[in-house]
Every structure is written in structure tokens, then in C-alpha cells.
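A quick write-up on the structure given underneath.
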């Protein structure tokens, strides 16, 4: 399977948003939008209004990561703004997970679930078959540029093995420190979607097209190393 790329728009240069969106619209598989409420994590980033503003300017699937204490307060707004995937944290929905999943589906949106580093895969055991995408946080949530947590490799492998053994169709996505230093181990563990931010894309070169080419090269080199070691 081709590695899918999801640039994190909280890391883009908002002073060049029109140009950068035009580049990403031609090259990205998803656009990752973080919505933080200042409570679940101590940060505030993008909003449903931001989704509404960029939706007419891109054909790429918009993937919304709800880092909020009450996801149901946001689901309708982000759905109507133009989200394609809506992804709350498991810790915030497990008291009513099936109702939340059904709410997202009622807007004809795909369902994602996000696992914090300390949250085990078993936490979502009873509804794992219902989700379209599982995001493994490889840093603690809330801020860009944090160091990679190596213990998450086993979690990615567990999701890969569960998917193969049970015929599940979810995508395995990685959020946090996806870059040249981690691509090889992430891809080897079973990562299918890489969320790229400051270290993986936007700070590689001042020109975003050139930065994308560098990222592509880094991922190709990681795949080449895996083939050689196989």
C-alpha cells in the first residue's frame, strides 16, 4: 500500500495559506486540522470556521482531530463546515462511544478514533470494527515539535496485527514526530498514514514544493532501507 500523507495545517505558514493550500491540494492525501479547546489540552488552534474557509479551495479530504473534552459539542459544526473524517479521542467518548460514532455517521462522515500514548488498544476493543481510521499519538497531545515516544511502535504493530487477523479496514495513522528520523521504524511497524508537521514537512525548506520533494525522498530512503533489511 502507498504511504498516505496528511499535512498538519496548524504547522503551515498562515501568512501564505493560499499558496500553500494550492501546493497541498495537488500533493496531499488528507489535510489534518487540529481543533483544541484549551481544556482537554492546554492549547487552542484551528476551528470549524477555518474548515469552512478552506473547504472551497481544496479537493483533498479534510481530517479533523478533536482534541476537546466534549466532542459532541463540535461534531455538527465541523461536519457542516466540510470535514470528511471526524476523529475524537477515545478517552472522551468511551462513556457513549456508539452514540458518538452513530452521530458522526449521521452526517455521512468517516469515523476516526485517536489513542493517546498511554491509552491501550484494548480501550477501543468493543467498537474497533466500526472505525475507518485509528490515529496513534506518538507524542503527548497538544503541541507541535515534541520528541517521539518509542514505546508506541508496539502499539502500531498491535493494530497492524489485529487488522490482518480480523479483516478490519481501518487505516493506521501516526500523529507526532513523523520525520526522517522515524519514518523507517513507523513504516516497518505498519503505519499507513503519516501526519507531517514542522519537522517532517513545513520546516524542511521555505518553498513548500521543495519541502515536499525532500520529504518524499526521506520516505523513499526509509522504504529502501526496509527492503534491504528484509
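Readers should treat all values here as calculations from the given coordinates under stated rules, not as data from a laboratory. Quick caveat: nothing in here was measured; it's all calculated off a predicted structure. Neighbour counts are summed over all protein chains in view; Cβ atoms, including those assigned to glycine, are modelled from backbone coordinates with ideal geometry.
Key figures for this structure:
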{"read-out": "11, 87 arranged by Cβ crowding within 10 Å, fewest neighbours leading", "value": "11, 87"}
{"read-out": "Hull shadow area, averaged, the stretch 24-158 [alpha-carbon convex hull, nm²]", "value": "8.3"}
{"read-out": "Ascending count of other beta-carbon atoms within 10 Å, so fewest first, for 98, 74", "value": "98, 74"}
{"read-out": "Length-normalised contact order of the chain in % [C-alpha pairs under 8 Å, at least 6 apart]", "value": "18"}
{"read-out": "Sorted by Cβ density within 10 Å, fewest first, the residues 214, 201", "value": "214, 201"}
{"read-out": "Helix-only [θ]222 nm of the chain, DSSP H runs n ≥ 4, -39500 (n - 2.57) each, per residue, nearest 500", "value": "-10500 deg cm²/dmol"}
{"read-out": "Coordinate range along principal axes, alpha carbons of the stretch 4-229, Å, largest first", "value": "43, 41, 30"}
{"read-out": "Gap separating the Cα centres of the stretch 90-148 and the stretch 43-75, nearest whole Å", "value": "16"}
